[in-house]
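Below is one structure, written out as structure tokens; comments come after it.
The values are calculated or read from the model by the stated rules, or taken from the named source; none is laboratory data. It should be emphasised that the depicted structure is a prediction, and the values quoted were computed from it without experimental measurement. Cβ placement follows ideal geometry from the backbone for every residue including glycine, while neighbour counts extend to all protein chains displayed. Just the protein is used for accessible areas: all its heavy atoms, side chains included, with ligands, DNA and RNA removed. Shrake-Rupley method; radii C 1.70, N 1.55, O 1.52, S 1.80 Å.
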Amino acid sequence: MIDSGPEWQRLSELARRSGKTALHELFDGQPARFSEFSLRSGNVLFDYSKNLITADIRTALLDLARAAGLEQAREALFSGANVNFTEARPALHHVCRGLLKTELEPVATAFDSEQARCEKLVKDFHANRFTGASGRPFRDIINVGIGGSELGPHLVVDALSPLVDKSRQFHFVSDIDHTHLTQLLAQLNPESTLVIIASKSFRTRETLSNARQIRDWMSASLSGEELSGQLIGISADPRAMTNFGISESLQFRIDPAVGGRFSLWSPVGLIARLAIGNDAFGELLKGAHDQDRHFLESDLETNLPVIMALVTLWNVNFRDINSLVTLPYHQRLGKLPDYLQQLEMESNGKSYTRTGEKAAYTTCPSVFGHIGLNAQHAFLQQLHQGTGEAYVEFLAVAKGNRPLEEDFLLASCLAQSRALLLGTHPKDAVEGDYDFKHCEGNRPSSTLLLDDLSPFTLGQLIALYEHRVFVMSVIWGINAFDQWGVELGKKLNQQLTGILEDEQASIAELDDSTRGLILAIRSARQ
Ligand code: F6P
């Protein structure tokens, strides 16, 4: 395993030696530290100078990446080899945004034809040629989907809200608790509502239950034919879509080799395409493709996803920091922490390596976050003075759309990362209350600065996070593209749903805690 090699040992040694160095000392000794420890790809600048990283440590991290076979793995990803080694298939999300390797041309052709069908539908939708019953333009569009079938498109619709068609409302329904859906449907007219059922498997109970409720609500006012003209399906399983009553012309295919949490770029992104239009969605794809190209073609030394992954890995594996906190300083990026939680934790929350051994080192950290300003007034206190350490990633947009308070917003972001770096200065202490006001500083953070929040830049950013996840998975020797833990939860859920639905069902086989809770539920229901 990677931790038994000389590269890992060298990094452990460097971590031991640098352990006593304070971050501010690195700045004192290096007047040009920012330019040495920051990197740009397209419209995204990554400043990692506020980490306990030296040139030696960076070199050692790059050696580790090479020893883990990162260059070969990157080649394998882009040429369509089975990088999803537990399910014996490739990971082809990058093909949805452009072709980088000619050997994938046949797959790309199929992907392109599905994109072209989405484009045509969006064109007809905006020209009101694709309409609801009795020719009414669609006013409300509902995306029914969960996890990867919701988070990516939702992030894009929110982040690019100035571009969203204002004559329509775009809704996302994911939770099986029908409260949200019931409240939503009460405000909508079935004749002008378009429903997108997005589910790669088309077996997810939450999604199907919500979709059935909507179908029942619509069929109370629409004929069968009218109804099927307002239901779109997106899945890898065409038969399941047909069985649900989705007409073939409104079925869109997602390839099994495009993972759910990587599927924004596929037809799963349709609601975002409808909201922002084909041109802007095309820019989003171009931005992501640009990042793919950068990741594939740049040396590891100047490769943004690689460096970003190595900084994270350094903090997690060599500085024992097990939390990654993401703080976007922009209201429109409020969905980013949710999106990243799935992307990072569902991808790299694994412990068995490619050789079947259990990793003796930490893999994916816990990821959480919130809009930066709100987080400041909620949980950032703990990051400044709490006992556990976190690695914080700030995200700011240099040119936003909020001219009024833009400076305050950017200053807030810069102030927080400076406070984590420097803490309070002993000379600011008031005698007698020094201890409890004291912030030690010396807490690592990085900052991603976007030039703007355009579709192109957003595409670059999301693809950057995707590739960071891949790089870390390669070094940790795990598979970023499966999710067997989630599958176990689904299996047990099915069994327990059966038990809860049947009052008489035996619970003798269950563990005592689950048995006790089921008895409490049964008794409360009586
Ligand atoms: O949470 C597990 C998961 O399988 C995710 O990977 C996926 O994005 C989500 O459920 C939804 O799955 P589907 O698109 O098949 O409904």
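So which strands (runs of 3 or more DSSP E) stay within the range 316-403 end to end and still have 2 or more residues that are more than 19 Å from ASP452 (Cβ to Cβ) and of a type in the set (Lys, Arg)? By residue number, no strands (runs of 3 or more DSSP E) qualify.
Residue selection: ALA211 satisfies the criterion of being farther than 15 Å from CYS96 by Cβ and within 27 Å of the chain's Cα centre (by Cα). For the range 153-182, enumerate the residues that are within 16 Å of the ligand (Cβ to nearest atom) and either open to solvent by 10 Å² or more (accessible area, probe 1.4 Å) or over 19 Å from ALA211 (Cβ atoms) (or both). HIS154, LEU155, VAL156, PHE172, SER174, ASP175, ILE176, listed by residue number. Residues being within 13 Å of the ligand (Cβ to nearest atom), closer than 30 Å to GLY259 by Cβ, in a helix (DSSP H, G or I) and without any contact (Cβ under 8 Å) to a residue 40 or more places away in the chain are entirely absent from the range 216-232. Per the listing ALA272, ALA280, ALA288, the residue uniquely modelled with pLDDT of 95 or more, within 16 Å of the ligand (Cβ to nearest atom), part of a helix (DSSP H, G or I) and surrounded by 19 or more Cβ atoms within 10 Å (Cβ to Cβ) is ALA272. Scanning the range 192-215 for residues that are aliphatic (A, V, I, L, M), touching an Asp or Glu at 6+ places or on another chain (Cβ under 8 Å) and more than 11 Å from the ligand (Cβ to nearest atom) yields a total of 1. For the range 135-142, check the following and say yes or no: at least one residue is within 16 Å of the ligand (Cβ to nearest atom) and either more than 21 Å from SER228 (Cβ to Cβ) or open to solvent by less than 20 Å² (accessible area, probe 1.4 Å) (or both). Checking the range 135-142: at least one residue is within 16 Å of the ligand (Cβ to nearest atom) and either more than 21 Å from SER228 (Cβ to Cβ) or open to solvent by less than 20 Å² (accessible area, probe 1.4 Å) (or both). Among the residues that make up the range 96-112, is at least one of them free of Cβ contacts under 8 Å to residues at least 24 places away in the same chain, under 18 Å from GLU283 (Cα atoms), open to solvent by 70 Å² or more (accessible area, probe 1.4 Å) and part of a helix (DSSP H, G or I)? Yes, there is a match, as at least one residue in the range 96-112 is free of Cβ contacts under 8 Å to residues at least 24 places away in the same chain, under 18 Å from GLU283 (Cα atoms), open to solvent by 70 Å² or more (accessible area, probe 1.4 Å) and part of a helix (DSSP H, G or I). Touching a strand residue (DSSP E or B) at 6+ places or on another chain (Cβ under 9 Å) and within 16 Å of the ligand (Cβ to nearest atom), is that true of ASN189? It is false that ASN189 is touching a strand residue (DSSP E or B) at 6+ places or on another chain (Cβ under 9 Å) and within 16 Å of the ligand (Cβ to nearest atom). The condition of being within 26 Å of GLU440 (Cα to Cα) and of a type in the set (A, V, I, L, M) holds for only one of LEU11, LEU39, LEU70, LEU62, that being LEU11. Within the range 472-495, the set of residues being among the aliphatic types (A, V, I, L, M), open to solvent by 20 Å² or more (accessible area, probe 1.4 Å), in contact (Cβ under 8 Å) with a residue 12 or more places away in the chain and more than 10 Å from the ligand (Cβ to nearest atom) comprises VAL474 only. Would you call ALA88 of a type in the set (Gly, Ala, Ser), closer than 26 Å to PRO267 by Cα and open to solvent by 60 Å² or more (accessible area, probe 1.4 Å)? In short, yes.
Scanning the range 366-395 for residues that are under 20 Å from LEU414 (Cβ atoms) and of a type in the set (Ser, Thr, Tyr) turns up just one, TYR391.
Within the range 247-259, one or more residues are more than 16 Å from the ligand (Cβ to nearest atom), part of a helix (DSSP H, G or I) and open to solvent by 20 Å² or more (accessible area, probe 1.4 Å). Tell me yes or no: at least one residue of the range 56-65 is farther than 30 Å from ILE462 by Cβ and either aromatic (Phe, Trp, Tyr) or open to solvent by 20 Å² or more (accessible area, probe 1.4 Å) (or both). Checked against the condition, which is being farther than 30 Å from ILE462 by Cβ and either aromatic (Phe, Trp, Tyr) or open to solvent by 20 Å² or more (accessible area, probe 1.4 Å) (or both), the range 56-65 yields at least one hit.
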